[in-house]
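Peer 1: Structure incoming, see below.
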Amino acid sequence: MRKPLVAGNWKMNKTVEQARSLVEELLPGLQKVESVERVLCPPFTSLMPVSAMLMGSGIGVGAQDMHWEASGAYTGEISPQMVKELCQYVIIGHSERRTYFGETDESVHKKVLAALAVQLTPIVCVGETLNENKANRTAEVVGRQVVDGLKGIQPELFPRVVIAYEPVWAIGTGLAATSEDAVNVVRNIIRPALAGLYGPDTAQAVRVLYGGSVTSANAAEFFGDEIDGALVGGASLKPGEFVKIVEAAVR
Ligand code: PEP
């Protein structure tokens with residue numbers, strides 16, 4: 001059985017001091033929900049203090065991005081080894097990176113390979129824009145993102161990958177997808193694309209999350225046979241909300 005996973009993407013929010021306060025508020029509630037894999041993804045500047053605070057707590061830490069190269073002249077970038085010193089997870093290909101910073105399926109692919117090579121768990125985001133959705137291009141776009149972003153991985157490493165289906169139009173808008181639509185994309189587009197790459201057993205073994213305006217009020221609708229948890233943005237900054245979302249993921 002796939003273990004549920006809920007990750008909080010803090011995006012570009014919280015100074016170090018504010019990050020420490022948020023972790024203090026989250027810890028008591030999060031620590032009780034051991035059957036769910038819980039991950040906090042603060043900005044780079046807070047990875048060190050947050051990872052120190054979470055040491056031994058059972059709660060994981062993730063970076064929000066990284067470069068694929070091991071070192072070198074890449075001003076402003078962070079390498080997989082640097083992330084690995086402080087984290088167990090890394091978000092890759094978030095739509096905000098694709099939209100504002102030129103992330104492509106090709107760069108996603110390089111980052112996924114690099115993350116797996118240093119034993120990080122990549123949380124790989126895929127999802128269609130509103131225009132693509134309206135033009136009935138969801139299957140084409142999401143299928144391409146899965147295949148081009150996740151091809152050519154050693155089959156024994158692949159089950160460590162986590163995929164987050166995040167329709168771009170649902171992120172930060174308060175307009176979540178319906179659970180039926182999200183389940184449909186996971187069942188009929190994402191898992192078949194994975195099966196084409198790695199076979200049906202691996203496609204069933206991989207965890208797929210939903211992301212896009214998840215709150216404590218709608219979270220439970222998404223979790224079930226196909227969707228194994230959530231990647232949460234805005235609501236992950238509200239301690240009570242985030243803990244309730246994690247609780248809703250218990251099976
Ligand atoms: C996200 O950042 O991945 C996200 C889904 O954001 P929100 O929950 O705010 O829509």
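Peer 1: What helices (runs of 4 or more DSSP H), lying completely within the range 154-251, carry at least 3 residues that are within 24 Å of Met12 (Cβ to Cβ) and either touching a residue at least 24 places away in the same chain (Cβ under 8 Å) or within 16 Å of the ligand (Cβ to nearest atom) (or both)? Quick ask: steps written out before the conclusion?
Peer 2: Numbers: elements: 179-185, 191-198, 200-205, 219-222, 239-248.
It comes to 239-248.
Peer 1: What is the residue count in the range 129-153 for residues that are closer than 23 Å to Gly233 by Cα and either touching a residue at least 60 places away in the same chain (Cβ under 8 Å) or in a helix (DSSP H, G or I) (or both)?
Peer 2: First, the residues of the range 129-153 that are closer than 23 Å to Gly233 by Cα: 129-133, 138, 141-142, 145-146, 149.
Now restrict to residues that are either touching a residue at least 60 places away in the same chain (Cβ under 8 Å) or in a helix (DSSP H, G or I) (or both): 130-133, 138, 141-142, 145-146, 149.
The qualifying residues number 10.
Peer 1: Also: Under the condition of being within 16 Å of the ligand (Cβ to nearest atom) and on the phi < 0 side of the Ramachandran plot, which residue from the range 73-97 is surrounded by the most Cβ atoms within 10 Å (Cβ to Cβ)? Steps first, answer last, please.
Peer 2: We begin by selecting, within the range 73-97, every residue within 16 Å of the ligand (Cβ to nearest atom); these are 89-97.
Of the ones still in play, those that are also on the phi < 0 side of the Ramachandran plot are 89-92, 94-97.
Values: Tyr89: 22, Val90: 26, Ile91: 26, Ile92: 29, His94: 27, Ser95: 23, Glu96: 19, Arg97: 19.
Per the stated criteria, the residue is Ile92.
Peer 1: Next question. Evaluate the range 111-123: report whether one residue or more is basic (Lys, Arg) and in contact (Cβ under 8 Å) with a residue 24 or more places away in the chain.
Peer 2: At the first step, the residues of the range 111-123 found to be basic (Lys, Arg) are 111.
Add one more test, that the residue is in contact (Cβ under 8 Å) with a residue 24 or more places away in the chain, and what stays is 111.
Checked against the condition, which is being basic (Lys, Arg) and in contact (Cβ under 8 Å) with a residue 24 or more places away in the chain, the range 111-123 yields at least one hit.
Read-outs throughout are calculated quantities, based only on the coordinates presented, and are distinct from any laboratory measurement. Keep in mind that this is a model prediction, so the values were computed, not measured. Neighbour counts run over all protein chains shown; Cβ positions are idealised from the backbone, glycine included.
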